[in-house]
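Single-structure report; data block below.
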C-alpha cells in the first residue's frame, strides 16, 4: 500500500514517520485491496507558544469507498494507536458487508435455486 504522510506547518522526524508507516502497513491484514492512504499531521494551539494537541487525519482509498478517521491526542503515537483501532473496525465491517450473503434478495435467490434443483431432480 502506498501511504503519503504530510506534516502541516512543521517537520516531522523520521522515527515518527517510520512508526506511522509501520502501523498503517498492518492494515493489509484486514483488507487486502487498500489502494492508497494519506496521513495529515497537524499541531493544534500553535498560535500560542504552547502546543496543546496533536491532530492526525487518515484517509484510506479502497475500491468503492473512502475511509476517513480523525483523532486528537497529546502525542501522534497515541493518536496513531487509536486510529488503528477505528480503521481496523471500519475495514472489517466494510469487508463483511461486502461479503454478506444474508441479505433478503440473496436469500430469495438461493431459495429459488433450491426449488429449481428439486424440480430438475423430478424430471429424470
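The values are calculated or read from the model by the stated rules, or taken from the named source; none is laboratory data. None of the values given here were measured: they were computed from a predicted structure. Counting neighbours? That spans all protein chains shown, and the Cβs are built from the backbone with ideal geometry, glycine included.
Before moving on, here are some points about what is shown:
- For residue 83, the test of being under 17 Å from the mean Cα position of the chain (by Cα) and either at pLDDT 95 or above or closer than 24 Å to residue 96 by Cβ (or both) is passed.
- Hey, residue 95 closer than 19 Å to residue 26 by Cβ, touching a strand residue (DSSP E or B) at 6+ places or on another chain (Cβ under 7 Å), at pLDDT below 95 and assigned to a helix (DSSP H, G or I) or not: no
- Only one of the numbered conditions (1) in a helix (DSSP H, G or I); (2) under 10 Å from the mean Cα position of the chain (by Cα); (3) more than 20 Å from residue 8 (Cα to Cα) is not met by residue 66, and that is (1).
- Residue satisfying all of: in region 13-40; outside any helix (DSSP H, G or I), in contact with a strand residue (DSSP E or B) (Cβ under 8 Å, 6 or more places away or on another chain) and free of Cβ contacts under 8 Å to residues at least 60 places away in the same chain; nearest to residue 60 (Cα to Cα) among these: 37
- Answer residue from region 26-39, given it is within 12 Å of residue 80 (Cβ to Cβ) and modelled with pLDDT under 95 and is nearest to the chain's Cα centre (by Cα) among those: 27
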